[in-house]
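Read through the structure below, which is laid out as structure tokens, and then see the notes.
Please treat every number below as a calculation from the coordinates, not as lab data. What you are looking at is a predicted structure, and each value in this text was computed from that prediction instead of being measured. All Cβ positions, even for glycine, are placed from backbone atoms using ideal geometry, and neighbour counts span all protein chains on display.
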Amino acid sequence: MSELTIEPGKTKIGWIGTGVMGASMCGHLMDQGFEATIYTRSKEKAQGLLDKGAQWADSPKAVAENSDVIFAIVGFPADVRAVFLGDDGALAGSKAGNILVDMTTSEPSLAVEIYESAKAQGIHSVDAPVSGGDVGAKNGTLSIMIGGDKDVVDALQPMWDAMGQTIVHQGGAGAGQHTKMVNQTLIATNMIGVCEALLYGYKAGLDLPTVMQSVASGAAGSWSLSNLGPRIIDKNFDPGFFVEHFIKDMGIAIDEANKMGLCLPGLALSKQLYEGLKSQGHGRDGTHALQLALNRLSGVDWN
């Protein structure tokens, strides 16, 4: 690949992590003509992409050896470190001029570490966490928050356009991850409000779909209310984003806030409630399953 030249049909992508969001995101890039090599811990989760023409690799290193731009969206910072910086990671398989793109929500300090390690080998690195959940991933309408060198970020524009709708370069390495912490802090307390409000409406005997008609488009409206409220009403708690991953994100945000000397009591309360939800066996449900924990606190059997 000519350095910083992105072209469908010529630029080869690697993709690590084909879970709830990653499979759709990689699929959109393939639809635009980018040849893909993929790796994920559970190969069966990648079957749809393999059927679509993607090539399988046995490790992140092998992915990078066959790719120009290597994306990853995995679970936890430890996973990010392993797939990028491990002995069998993407950096070990990359050549000068390659671009590493971490789309996991992870630690800003780790994004800087990956950037510096890559730069020492003539390799580019970008942190680009996303928001929008499974719906945004499937529809190609994600919000992508990007940290890294501007020329690299700009070169990747055709790929951002395939996956997202709101694409903003936030600054240098780690800035994308810091912006995602702002995003997660906003969601954390908003989800409490959404679930408490629906619990109130239910207990008051209101018809919740009718209530939604009145409140979702006004000053009380939010993405979570409009997109997850109907799922809550239908008692559909399938994950667009896992509870256990959200707890991880809130932990990162609280750690970063502590480093800056900030007190964020709303975020701390939300994390405590979600940890209670996880202890009740809902760690792999969607974040809107917070409704179940709040129902239980109030002794409400929502059937």
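Considering only G33, G283, G174, the mean-square fluctuation computed in a Gaussian network model of the chain, springs between alpha carbons under 10 angstrom, is largest for G33.
In debye, nearest 20, what is the charge dipole magnitude of the chain about its Cα centre with +1 on Lys and Arg Cβ and -1 on Asp and Glu Cβ, if you could check?
Details: 22 positive and 33 negative charges, 115 e Å.
That gives the chain a dipole magnitude of about 560 debye.
Here the chain has an Rg and Dmax of 20.0, 64 Å, counting Cα atoms alone.
Normalising by the residue count of region 179-298, find the relative contact order in percent from Cα pairs under 8 Å and 6+ residues apart. Let's see the in-between values first.
Numbers: 112 pairs, mean separation 45.6, N = 120.
Rounded, it is 38 percent for region 179-298.
Highest mobility in the GNM of the chain, judged by mean-square fluctuation with C-alpha springs under 10 Å and restricted to A155, A128, A219, is found for A219. Counting charges near D255 (Lys, Arg +1; Asp, Glu -1) among other residues having Cβ under 12 Å from its Cβ returns a value of 0.
Is there a quick way to get the dipole size of region 179-298? I mean about its Cα centre, with the Cβ of Lys and Arg at +1 and of Asp and Glu at -1; what is the value in debye to the nearest 20?
On the way: 10 positive and 10 negative charges, 20 e Å.
Value, rounded to 20: 100 debye.
Near K52, no amide H atom lies under 5 Å from its own; only residues 5 or more places off or on other chains count, and H is placed 1.01 Å from N. Normalising by residue count, region 179-298 has a Cα convex hull of 104 Å³ per residue. Dividing the summed helix terms, -39500 (n - 2.57) for each DSSP H run of n ≥ 4, by the number of residues in the chain produces a 222 nm estimate of -15000 deg cm²/dmol to the nearest 500. Taking amide H atoms as placed 1.01 Å from N in the peptide plane, the amide H of V168 lies under 5 Å from those of I144, I146, each 5 or more residues away in sequence or on another chain. Count Lys and Arg as plus one, Asp and Glu as minus one, and take only other residues whose Cβ is under 15 Å from that of F34; the net charge is then -2. The charge dipole of region 139-246, taken about its Cα centre with unit charges on the Cβ atoms of Lys, Arg (+1), Asp and Glu (-1) only, comes to about 280 debye.
Charge tally for S24 (other residues, Cβ to Cβ under 14 Å; Lys, Arg +1; Asp, Glu -1): +1. Straight-distance candidates among the lysines for linking to K278, with alpha-carbon spacing under 29 Å and chain neighbours fewer than 8 residues away dropped: K43, K45, K138, K180, K203, K235, K248, K259. Taking the centroid of alpha carbons for each part, region 90-150 and region 175-206 are 27 Å apart. Seen against the Cα atoms of the chain and their longest principal axis, helix 22-31 is set at about 50 degrees.
Over region 1-140, Cα pairs under 8 Å with separation of 6+ residues give a relative contact order of 23 percent.
Return a whole-number percent for the relative contact order of region 119-243, with Cα pairs under 8 Å and 6 or more residues apart as the contact set.
Values: 140 pairs, mean separation 27.0, N = 125.
Here the relative contact order equals 22 percent.
Springs between alpha-carbon atoms under 10 Å, Gaussian network over the chain: tell me which of D87, D207, D238 tops the mean-square fluctuations. Maximum fluctuation in the GNM of the chain, among the listed residues, is at D207. Straight-line cross-link partners of K95 among the lysines, defined as a Cα under 22 Å from its Cα and at least 8 positions apart when in the same chain: K10, K12, K61, K119, K150.
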